[in-house]
Amino acid sequence: MTRPCAARDGIDISLIGLLSLIVVGCAPVRPGLPVPKQPQTSLHQAIFKRTDPTGQLLWQIQAEKAEVLDDVVQLQQIQGTFYHQQEPIYSLQAPYGQVHQQSNFIQLQGPLLVKDVRDRTTLRSQRLQWHPKTGQLIAQHQVLLQHPHFEIKGQRFQASTRTQQSRLSGTVTVKWLERDLQMQAQEISWFPRKETLAAHSVIPASVTMRPSANQPLTSNRWPHVQSQRVELCLPSQQLVFDEAVEMHIADSKMHIKSPRVLVSLTEDQWHSPQGIYIQYQGISARAKQGWLEPSRTLRLQHQVRVKGLPQNAQLRAQTLTWNMATQKVQARGQLIYQQLQPWVRMTGTRAMGNLLQKTLEVEGGEAVVEIVP
């Protein structure tokens, strides 16, 4: 049998089953000890609803048991829905919770589960707060945000119904399930409208990205990437590394630095559009732009400078192609090669060589050779 109960401070309560009034007895109380507060009303199978002054539904909660204590309603075995502009946005389950009637504030204790019906994410945590007036959902302690494409672990989660943006902070780890990719940062934001993850760190810390379980990120085998900001766009399958980017290639022992790196995971290509600096076994190279192709070929373009070649030589060109597997190099455009011992200077339009064999041949120009005894 269902019996309506009078609304209390704007909360509508429907009861299914037992309603019992608890009356405090007149037993003597020992002086100096606080008197424990007793519930004023005990409810079973209760449904709570809250509306705003205009009548729009803010939330609805069903609990197997509820106890009213002053301004707080204690709940057990909870299921409910949070609304925004009359539309359901979160469905939830929790073993315990409290409703603060005057402030319209809900607090839940876990392990709890919240599903966002808009972006297919599931939030798991131990503690959660819902502020319907501001549209803020806050979760803390063992936070896990799950999506069909990724999982994020953090210490604190905050979402806004107004901006439709979620933010995880603390020590945050993202695992991208399709690529076996793992990223760590101090803060990560999820933008469901753009289906984009954005991570950033406070200097001197860095966002770190590496493959999970020792698997390659792509066939280019980048085991470790650091930068101040990283953006991962799910629709375009593109990674953008920004500010103080550093990359390491384990099998070739190559170290790359750049202000900005774009990674196309569908094409398996890396692009540095704002300058690139490379170190490899004593050889350093600079250029305005650089690409790493799926064939493990590095292409440098515009004002290419190479130092540390055999015989302490230097090379300048407009383009340089470097095969990291065979160590063959090709250079083109306004070419200048110069070495110190013995002193040699060559100019041309094209050069070919092999770094392992320590050979280089320049074509289409002239050479000046001076041997100093």
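The values are calculated or read from the model by the stated rules, or taken from the named source; none is laboratory data. These figures come from a predicted structure and were not determined experimentally. In this analysis, Cβ positions are derived from the backbone assuming ideal geometry, glycine residues included, and neighbour counts consider all displayed protein chains. The accessibility values were calculated without ligands, DNA or RNA, using every heavy atom of the protein model including side chains. Shrake-Rupley method; radii C 1.70, N 1.55, O 1.52, S 1.80 Å.
When residues of the range 48-63 are filtered for being open to solvent by 30 Å² or more (accessible area, probe 1.4 Å) and within 37 Å of the chain's Cα centre (by Cα), how many remain?
Just the residues of the range 48-63 that are open to solvent by 30 Å² or more (accessible area, probe 1.4 Å), to begin with: 49, 51-57, 60, 62.
Within this subset, residues satisfying the condition of being within 37 Å of the chain's Cα centre (by Cα) are 49, 51-52, 56-57, 60, 62.
Here the count works out to 7.
For the range 338-356, a residue qualifies if it is modelled with pLDDT of 80 or more, of a type outside the set (A, V, I, L, M) and open to solvent by 50 Å² or more (accessible area, probe 1.4 Å), and the qualifying residues are Gln338, Trp343, Arg345, Thr349, Arg350. Looking only at the range 80-94, residues that are open to solvent by 20 Å² or more (accessible area, probe 1.4 Å), out of contact with any Leu (no Cβ under 7 Å at 6 or more places or on another chain) and at negative phi come to 5 in all.
Do you know which of the residues in the range 90-133 that are aliphatic (A, V, I, L, M) and under 26 Å from the mean Cα position of the chain (by Cα) is modelled with the lowest pLDDT? Give the steps one after another, and end with the answer.
From the range 90-133, those aliphatic (A, V, I, L, M) are 92, 94, 99, 106, 108, 112-114, 117, 123, 128; that's our starting set.
Remaining after also requiring under 26 Å from the mean Cα position of the chain (by Cα): 92, 108, 112-114, 117, 123, 128.
Details: Leu92: 92, Leu108: 93, Leu112: 92, Leu113: 95, Val114: 94, Val117: 85, Leu123: 95, Leu128: 93.
Checking each candidate, the answer is Val117.
Hey, among Ala198, Ala159, Ala205, which residue is touching a strand residue (DSSP E or B) at 6+ places or on another chain (Cβ under 8 Å) and at pLDDT below 90?
On the way: Ala198 fails: at pLDDT below 90; Ala159 fails: at pLDDT below 90.
Sole residue among the options that is touching a strand residue (DSSP E or B) at 6+ places or on another chain (Cβ under 8 Å) and at pLDDT below 90: Ala205.
Would you call Gln38 open to solvent by 60 Å² or more (accessible area, probe 1.4 Å), at pLDDT below 85 and of a type outside the set (D, E, K, R)? Give the derivation first.
Values: open to solvent by 60 Å² or more (accessible area, probe 1.4 Å): yes; at pLDDT below 85: yes; of a type outside the set (D, E, K, R): yes.
For Gln38, the condition - open to solvent by 60 Å² or more (accessible area, probe 1.4 Å), at pLDDT below 85 and of a type outside the set (D, E, K, R) - is met.
For beta carbons closer than 6 Å, sequence separation of 6+ or different chains, a first residue in the range 40-51 that is more than 12 Å from Val68 (Cα to Cα) and a second that is open to solvent by 30 Å² or more (accessible area, probe 1.4 Å) and modelled with pLDDT under 80, the qualifying pairs are Gln45/Ile16; Gln45/Gly17; Ile47/Ser14; Lys49/Asp12.
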